[in-house]
Structure formats: C-alpha cells, structure tokens
Amino acid sequence: MSKLALYAENQSVRIVTGACPHDCPDTCSWQIAVDRANERALDIWGHADHPVTQGALCGKVDRYLERVYHADRLTHPLRRVGPKGSGRFERISWRQALTEIAARLQGINNEWGPEAVLPYAYGGTMGFLQQHCMSDRFFQQMGASRLAYTICSEAGFEGYLYTIGATVGIEPEDYAHARLILIWGSNTLTSNLHLWPFIQQARKQGARVIVIDPARTRTAKAADEWLPIRPGADGALALAMMHEIVNAGLHDHDYVTAHTVGFEQLAERVEEWPPQRAAQITGIPDERIRQLARDYATTKPAAIRVNYGMQRHYGGGMAMRNITCLPALVGAWREQGGGIQLSVSGQLRHLEKRGLQRPDLLAGRFPRTINMNRLGDALSLDRTRLAAAHYAPRPVDRKPAPDAAGPPVKALFVYNCNPAAVAPDQSSVRAGLAREDLLTVVLEHFQTDTADYADYLLPATTQAEHWDLQRMYGHHYMALNRPAIPPVGEARPNSAIFRGLAQAMGYTDSGFFEDDETILRNFVEAQRHPLYETVTWDTLLEKGFARLNLPQPYLPFAEGNFPTPSGKCEFYSERMAQDGYDPLPAYTPPKSEESGARREERENGSAPANQDAQSLACISPPAHSFLNSSFSHLERFRGREREPLLWIHPQDAAARRIEEGAWLRVWNELGEVELTARVTEEIMAGTVLAPGIWWNKHSPDGRNVNQLTPQDETDMGASASFYDVRVFVETA
Ligand SMILES: Nc1nc2c(c(=O)[nH]1)N[C@H]1C(S)=C(S)[C@@H](COP(=O)(O)OP(=O)(O)OC[C@H]3O[C@@H](n4cnc5c(=O)[nH]c(N)nc54)[C@H](O)[C@@H]3O)O[C@H]1N2
Ligand SMILES: Nc1nc2c(c(=O)[nH]1)N[C@H]1C(S)=C(S)[C@@H](COP(=O)(O)OP(=O)(O)OC[C@H]3O[C@@H](n4cnc5c(=O)[nH]c(N)nc54)[C@H](O)[C@@H]3O)O[C@H]1N2
Ligand code: SF4
Ligand SMILES: [Mo]
C-alpha cells in the first residue's frame, strides 16, 4: 500500500503537499502526513503523481523530518557572549534581536554608507520566496552591496549560453529514448538521482551509458563504461571528438548548414586537435577517443548529461562551450532523446520577477557587486584585496583600483548558506569572519561553522514550516510548497525575518508588509509569457506542481531556433570575441598547472622522477549522503560517510608509503587539512578525491578541504574553481 493510501484512510491525519527546497536538479514534490491532534509531522514521502519524483525521495530527504525535529535545531534568537567564533550565545527575544541589529545597521550606514553591508546567500533553499525575495527588497531599499552568485555554475552556464543561447535542453523523461548516453562530469546516482530511472529505461532498450569522470563513482560503476579523464581536460576531449567527426565526415551536413554558424572556422580549428594531442592531456588513449567520437556521431539518438563537476576548473567555461557544440555538429537535436542538458533553468528566463524582488527599490542607485567566491578578499581590510573581490565576469570587465573599491565590509548577513565550510580559501574566509569589528548576522536552522561566528544568530523555519514556490532547473515542473506544520520553537521564515528587520529599520514601502501566500500568488498571477500559462495558482494549490507550457515530446532545437544572436548554434561566436574570448572552441588548461604547488615543485627541485614529492590534482565533489554541507552535521548521515577521506590511487599511495586508513597531511600554498586515506583504484592515478562537504567542527583537525581551494575565478562567469587544485600528500 502506498503511504498516501495508508494515511488517507486515517481521519486523525492531514496530508500536505510540498516540495524539496534543496539545490538539486530533481526538485522533488513531496507529501507530509501531519497528526491533526498535535500538529506534528509523522511521515514524508515522494509524490507518486509527479512524473520525475515518481513517488521516491532520495536517502537524505527521506529523513527530512529528523532534520526538522532535531534536538540541535535553533529555536530562538541568540546573541553572542563569547569571543568572535567561539559559538557561545545567550537567548534574547525577537524584539531585542531586531531592534539591536537595526540600530547597528543604522550606525554602519551613517558612518560607512550602505555598501558596507554585504548579504551572503546561496542554495539552502531554491524557493522564489525564501531564497531571494524579501531579502532582496530589504537590501535594495538599503542600497547594500550586491552579491554575484558564482559559487557553483556560472562558468558552465556562460559556455553553454555563448553556444546555444539559453540553459535549456533535453528533459529527463526523454533520456529514456536515447541509444547512447554520455554522463559527463556528473555523478547522477548521487546528485541527480531521479534521472537514473529514465536512463535505465533507455538501457532496457539497448542504450549504452558511458561516464566520463576522473573517479569511478557509483554512477560509473552502474554504467556500461567508465572513461577516466584527468580533471580539467574535457575541453581537449571535445575538440578531439569534433576533429574525428569532421575528418570522418560524420557530421550532419544538413543540420550544420541550416542551423549553425562558423562550421568552416570550426573545421579549421579542430584540425589542430588530432586525438593523439588530446590523449596527452586527457589521459584517454587516442584510439578510445576516435571510437567515442564515431559512436557519438553514428548512434541515434545520442544524449549528453553534462553537469557542474567538469566546470569547476579555470577552463570550465570553454570546456562546456566545446561540449555544447557536439549535439549540433551531429544533428542530435533532431530526435527525441538527442541533445544535451546542463540545466533547464533557462526556461525561467521569461518570468516577470520585478514584483517579487522589487529592483525599483534601488531607486537608480548602482551598488557595487562582490563576487561570492572572493569572500575572503571581501572581508579583508586590505583595499587591494577588496578591489579584487569585485565581480568582473569577462575579460573585458575591469576591477576597480584599490582606491575606488568602496568601503570595507562592516556588516555581513548570511542566510541559506554556510560559507565557513563551503567557500574557497577557507583560512581567508575564517580570518575575515573572526574580525571583531564585523557585525555578522546569520539566519539558520542549525549552528553551522558560519553560525559560530555570528553576533546574532536567528532561527529560520524549514521547508516543512513555510510557504514557497520551487525554482526547478533539471526538469519542467514548478512545485508549490505549503507549510505542513507550525514553526518549530520561535523559528521564522527568512521572509518574516527580513520583513521584521525592514520594519525595525523604519522602511515603509508596502512591499515590506505583504504576507507570504499573497506574494507567491501575486507572482504566479503576474506572469504573461505563454510558457507559464499552465502554471496557475489553482493548479499549484490543487496538484502541488505544474508543468511549464511545453509540448511533449519537447525537442527544443529540432528546427534550429537557437536563442543566440544569430538564431543558430554558434560554433563561431561574435559575442565571445566582443567579450574578450577566443570566438572558437579552444582548450584552456587548468590554472593549478601553474599554481603555487607546481612552482614549489620546481623551486625545491623535486624533479618529476621523484614521484613521492610530486603534487597531485585534487577534486572534492559531494559525498553521497550530504547535500553540500547540509546533512553532514546529522549523525545518521555522517555515519554513512565514516569520516573525512582522501581517495588515492594505489600507485600514488605506494610512492608515498601510504596505507589504507593512514592519517594524512594534505597541503598546498593555501592551507592544510588532515584526512584519512582510502587507497582505491576508483580514482585515477595522479588525482586524489576528498568527498565533501564536511563541517569543520566535525573534522578531526577542525578544517575541511576548502583549506586547499583557491578564490581564483574561472575563465567565464567569475565562477569557483574548486577542482582546479594541486596538493602534496604525506602520512601525518
Ligand atoms: N547528494 C548530493 N546531491 C547533490 C549535491 C550534493 O552535495 N549531494 N549538490 C547539489 C549541487 S549544489 C550541485 S551543483 C550538483 C553537483 O553535482 P554534479 O553537477 O554532478 O557535480 P559534482 O558532483 O561537482 O561533480 C560530478 C562529477 O564530476 C567529476 N569531475 C570533477 N572534475 C571533473 C573534470 O574535470 N572532468 C570530468 N569529466 N569530471 C569531473 C567528479 O569526480 C564527480 O563525480 O549536485 C546537487 N546535488
Ligand atoms: N570543496 C568544495 N566546496 C564546494 C563544492 C564542492 O563541490 N567542493 N560545491 C560548491 C557548490 S556547487 C555549492 S552550490 C555550494 C553550496 O553551499 P551552500 O549554499 O552554503 O549550501 P549548504 O552547505 O547546503 O548550506 C546551506 C545552508 O542553508 C541553510 N538553510 C536551508 N534552508 C534555509 C532557510 O530556509 N533559511 C535559512 N536561513 N537557512 C536555510 C541550511 O541549514 C544550510 O546550513 O558549495 C560549494 N562548495
Ligand atoms: S535533494 Fe534532490 S533528490 Fe533529494 S528529495 Fe530533494 S530534490 Fe529530490
Ligand atoms: Mo552547486
């Protein structure tokens, strides 16, 4: 019997439909059973009618109610009592908290101007309401610094956009129709679980699945083939595939002629990329590259699921661009199950969001924008570093001179984010957070590593307790989240906290008085684009989710119509040339090839022959049981991941006399962290892998892998280069 059927018969239970808030391409629709007598949630499950959720949540969110009712939940406002970072607090009332924070903000605004206030937020929730609605209104009314949301996806986004014009692509359901599926820099069974049933359906009909990844992930194990590739080398692989396809005449002449621009220049460019050259860079034998290219061009339909893992490198933007050229080159877009998906968030680009976020409250001001990856620099009192923290996403963008960098950051507002654990160059971030003169306000469910540094720690509601509308990006269903239970303790939704702060600041705009349900209903009803005709408030209330007004099957580019400037897939991009890039696909090597670790090797004369002194590439993708740093503090999930590990190939381990379970010191020019060795052939030689993201305070030495990751921006979008890292490893 389904859970729904089980509870539906029970008069003492109410069933509330909602949606998972997490930053995950699956955006599941869920149902919660609530005991009417005491308003306590009893059970949670995946919505059976949702075409992608298909009745199942992942192993993390299946236990969401443990998170909701966990003894460690923050249940009332707190004010710091110990020294900065000590994590010691006393309980205060909401009124006290809001009044005191408002008074301190007024003081900072008067002395330094509003740009001295920096909001810092990311993916705790992907809801239109609790992610960036009332907070945007609040900070825009103030004129605070703005934050560029670059920590995850911007490099890949830009590469994809330059090539095909929008982040749209194949929908998950259509992967079932593919005959060849390349899972490229993605760990589907961990980070995009609900795609897997469609892939399995395809395999039942004979499809082959190939995983291109430096690690033999659980996805690679479940696939037909694992193709190990060196981190950061994907751009070269795609170039060589195009070389082979064009030289063998396997490209789709008609599609290329009708729907692409720049084929002649592309053909000339890829001439420079024979598979032998790419083999040197990728570590994939040239014969295997040739075969992959021929299979990709001749198996129809051919689908690519590319994801963010492969773009967390300096050349991530260009690598994504190259890969995005492939489906047009072979005409894969023609068929159901052919094409590519990075994200389908571009389907939301026609949303009317002004009523939600109220940019008009800026009233003509243009506050500076800070790149969130450079939080360490932003919190530094050194003006040169502050200038470096400004957002400059393209080569043609310039950062200001130190004198023009603006005021130091004097107040930091963190919500939906745990930067002390997730942001790069952790020692810089923590040094900044430890500044006694910095006012830090943190809105959280739990006392995270970041919350330890708060002056005021404010309890936020979870998704079980508040309204929201979920912004999906891996499929085409928007989902409404209704509150199932009353707030736990004195917790308040982010929206209510910012509403309260606005009132404490004396802001009078009517936008600060709207209630949550009204905001969402107005937002849904404000849409005029035909794409959202089917997403009505009534449908959302009734069913819990609504499909965008897209046909099924949905073939976005079967007849071209790319939303690029030329209307075609741009092998040659004039816009890239204008923005300061090579207008053609190119290979951009990892920056860590030239980083401190490599310099150090040359300077202390550790010759390549001396293998145990050599640095290794280091990547830190998500542990299966965590969601970024969420869930990693709960015993159940921590238990599943054992302890902070470093996967190292037996060859690299032997050269360093490292044995399974050994205590390791892992370091580079930025920092150092201690990890336990997992000696395994599941990572390619020359690369190590540290599953993330552990909280610092749950790591044996109080630090995590972000000690080793740089603030450096990627080639496009000023994104994070978490996996463009080299490290030295030795037994501690
Ligand atoms: N369970 C779980 N699910 C999640 C998350 C989570 O933390 N846990 N995080 C969510 C978020 S915010 C995001 S952005 C996505 C992230 O999920 P994905 O987009 O899948 O990205 P990653 O997990 O960073 O990396 C995916 C794979 O890329 C590989 N990889 C690393 N470098 C390279 C490279 O240079 N080339 C290639 N070909 N592969 C490479 C890694 O080994 C990893 O197996 O998942 C979301 N879903
Ligand atoms: N080394 C390394 N670092 C990485 C990555 C990596 O692969 N390797 N991945 C990067 C990526 S892709 C991403 S997206 C970032 C993610 O980094 P974050 O966006 O910081 O994600 P989480 O670590 O899940 O932290 C989200 C926090 O928001 C809180 N939260 C959830 N809902 C709410 C709410 O409604 N209100 C409030 N106030 N708080 C809420 C949760 O309790 C949690 O502590 O990390 C990045 N960092
Ligand atoms: S984290 Fe992803 S897979 Fe898990 S319930 Fe949420 S949306 Fe679904
Ligand atoms: Mo992410």
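The values are calculated or read from the model by the stated rules, or taken from the named source; none is laboratory data. Just so you know, these numbers come straight off a predicted model, no measurement behind them. With ideal geometry, Cβ positions are generated from the backbone for all residues, glycine too; neighbour counts draw on all protein chains shown.
Can you list the helices (runs of 4 or more DSSP H) found entirely within segment 169-278 that contain at least 2 residues being among the polar types (S, T, N, Q) and surrounded by fewer than 17 Cβ atoms within 10 Å (Cβ to Cβ)?
196-204
Name the pairs whose Cβ atoms lie under 9 Å apart, with the first residue in segment 88-109 and closer than 14 Å to residue 459 by Cα and of a type in the set (Asp, Glu), the second at pLDDT 95 or above and exposed (fewer than 13 other Cβ atoms within 10 Å of the Cβ), and 6 or more positions between them or separate chains?
90/81
How many residues does segment 85-135 hold that are within 16 Å of ligand 1 (Cβ to nearest atom) and among the polar types (S, T, N, Q)?
Going through segment 85-135 one residue at a time, the tally reaches 2.
Looking only at residues in segment 129-163 that are part of a loop (DSSP other than H, G, I, E, B), in contact with a helix residue (DSSP H, G or I) (Cβ under 6 Å, 6 or more places away or on another chain) and over 30 Å from residue 235 (Cβ atoms), which one is farthest from ligand 3 (Cβ to nearest atom)?
Only one residue tops the list, namely 143.
Residues of segment 633-660 being touching a Phe, Trp or Tyr at 6+ places or on another chain (Cβ under 7 Å) and over 19 Å from residue 678 (Cα atoms), which ones?
Selection gives 633 alone.
Suppose we keep only residues that are under 21 Å from residue 469 (Cβ atoms) and charged (D, E, K, R) within segment 15-56. Which one would you say is nearest to ligand 2 (Cβ to nearest atom)?
23
Give me the helices (runs of 4 or more DSSP H) completely within segment 519-604, filtered to those with at least 2 residues that are under 26 Å from residue 252 (Cβ atoms), ordered by residue number.
574-578
I'd like the residue in segment 345-385 that is touching a Phe, Trp or Tyr at 6+ places or on another chain (Cβ under 9 Å) and under 30 Å from residue 301 (Cα atoms) and, out of all such residues, is surrounded by the fewest Cβ atoms within 10 Å (Cβ to Cβ).
350
What number of residues in segment 364-390 are touching a residue at least 12 places away in the same chain (Cβ under 8 Å) and outside any helix (DSSP H, G or I)?
The number of residues fulfilling the criteria is 11.
State whether one or more residues within segment 79-102 are of a type in the set (Ser, Thr, Tyr), within 16 Å of ligand 3 (Cβ to nearest atom) and over 21 Å from residue 389 (Cβ atoms).
no
Which residue pairs have Cβ atoms under 6 Å apart, sit 6 or more places apart or on different chains, and have a first residue in segment 297-320 that is farther than 16 Å from residue 162 by Cβ and a second that is in a strand (DSSP E or B) and at pLDDT 95 or above?
299/180; 302/180; 303/181; 304/182; 304/184; 304/340; 305/183; 305/341
A quick yes/no check of all residues on (1) in contact with a Phe, Trp or Tyr (Cβ under 7 Å, 6 or more places away or on another chain); (2) buried (at least 23 other Cβ atoms within 10 Å of the Cβ):
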residue: 662; (1), (2): no, no
residue: 671; (1), (2): no, no
residue: 675; (1), (2): no, yes
residue: 699; (1), (2): no, no
residue: 704; (1), (2): yes, yes
residue: 718; (1), (2): yes, yes
residue: 724; (1), (2): yes, yes
residue: 728; (1), (2): yes, no
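Please determine whether any residue of segment 190-211 is closer than 28 Å to residue 30 by Cβ and touching a His at 6+ places or on another chain (Cβ under 6 Å).
There is at least one residue in segment 190-211 that is closer than 28 Å to residue 30 by Cβ and touching a His at 6+ places or on another chain (Cβ under 6 Å).
Taking the condition of being part of a loop (DSSP other than H, G, I, E, B) and not aromatic (Phe, Trp, Tyr), how many residues in segment 627-654 meet it?
Here the count works out to 10.
I'm trying to understand the selection: among the residues of segment 327-344, which are in a helix (DSSP H, G or I) and either surrounded by fewer than 19 Cβ atoms within 10 Å (Cβ to Cβ) or touching a strand residue (DSSP E or B) at 6+ places or on another chain (Cβ under 7 Å) (or both)?
Answer for segment 327-344, where residues must be in a helix (DSSP H, G or I) and either surrounded by fewer than 19 Cβ atoms within 10 Å (Cβ to Cβ) or touching a strand residue (DSSP E or B) at 6+ places or on another chain (Cβ under 7 Å) (or both): 327, 328, 332, 333.
Exactly one condition in (1) among the charged types (D, E, K, R); (2) in contact with a helix residue (DSSP H, G or I) (Cβ under 7 Å, 6 or more places away or on another chain); (3) more than 18 Å from residue 451 (Cα to Cα) is not met by residue 95; state its number.
Result: residue 95 passes all but (2).
Filter segment 415-461 down to the residues that are small (Gly, Ala, Ser) and free of Cβ contacts under 8 Å to residues at least 60 places away in the same chain, then identify the one that is surrounded by the most Cβ atoms within 10 Å (Cβ to Cβ).
432
Go through the residues of segment 218-228 one by one and say whether even a single one is within 22 Å of residue 618 (Cα to Cα) and within 16 Å of ligand 3 (Cβ to nearest atom).
There is at least one residue in segment 218-228 that is within 22 Å of residue 618 (Cα to Cα) and within 16 Å of ligand 3 (Cβ to nearest atom).
Residues in segment 143-151: is at least one small (Gly, Ala, Ser) and not assigned by TED's automatic domain parsing to the domain that holds residue 462?
So far as segment 143-151 goes, no, none of its residues is small (Gly, Ala, Ser) and not assigned by TED's automatic domain parsing to the domain that holds residue 462.
Is it true that residue 464 is over 25 Å from the mean Cα position of the chain (by Cα), away from ligand 4 (no atom under 16 Å from the Cβ), in a loop (DSSP other than H, G, I, E, B) and in contact (Cβ under 8 Å) with a residue 60 or more places away in the chain?
Judged against the criteria, residue 464 is not a match.
Might you let me know whether segment 58-68 holds any residue that is touching a helix residue (DSSP H, G or I) at 6+ places or on another chain (Cβ under 9 Å), hydrophobic (A, V, I, L, M, F, W, C) and buried (at least 17 other Cβ atoms within 10 Å of the Cβ)?
There is at least one residue in segment 58-68 that is touching a helix residue (DSSP H, G or I) at 6+ places or on another chain (Cβ under 9 Å), hydrophobic (A, V, I, L, M, F, W, C) and buried (at least 17 other Cβ atoms within 10 Å of the Cβ).
Is one or more of the residues making up segment 8-23 modelled with pLDDT of 95 or more, away from ligand 3 (no atom under 16 Å from the Cβ) and small (Gly, Ala, Ser)?
Looking through segment 8-23, at least one residue is modelled with pLDDT of 95 or more, away from ligand 3 (no atom under 16 Å from the Cβ) and small (Gly, Ala, Ser).
Go through (1) surrounded by 22 or more Cβ atoms within 10 Å (Cβ to Cβ); (2) within 16 Å of ligand 2 (Cβ to nearest atom); (3) assigned to a loop (DSSP other than H, G, I, E, B) and name the single condition residue 409 misses.
(2)
Only one of (1) of a type outside the set (Asp, Glu); (2) in contact with a Gly (Cβ under 9 Å, 6 or more places away or on another chain); (3) free of Cβ contacts under 8 Å to residues at least 12 places away in the same chain is not met by residue 400, so which one is it?
(3)
If you go through segment 14-36 one residue at a time, do you hit one that is within 16 Å of ligand 1 (Cβ to nearest atom), among the polar types (S, T, N, Q) and not assigned by TED's automatic domain parsing to the domain that holds residue 444?
Yes, some residue in segment 14-36 is within 16 Å of ligand 1 (Cβ to nearest atom), among the polar types (S, T, N, Q) and not assigned by TED's automatic domain parsing to the domain that holds residue 444.
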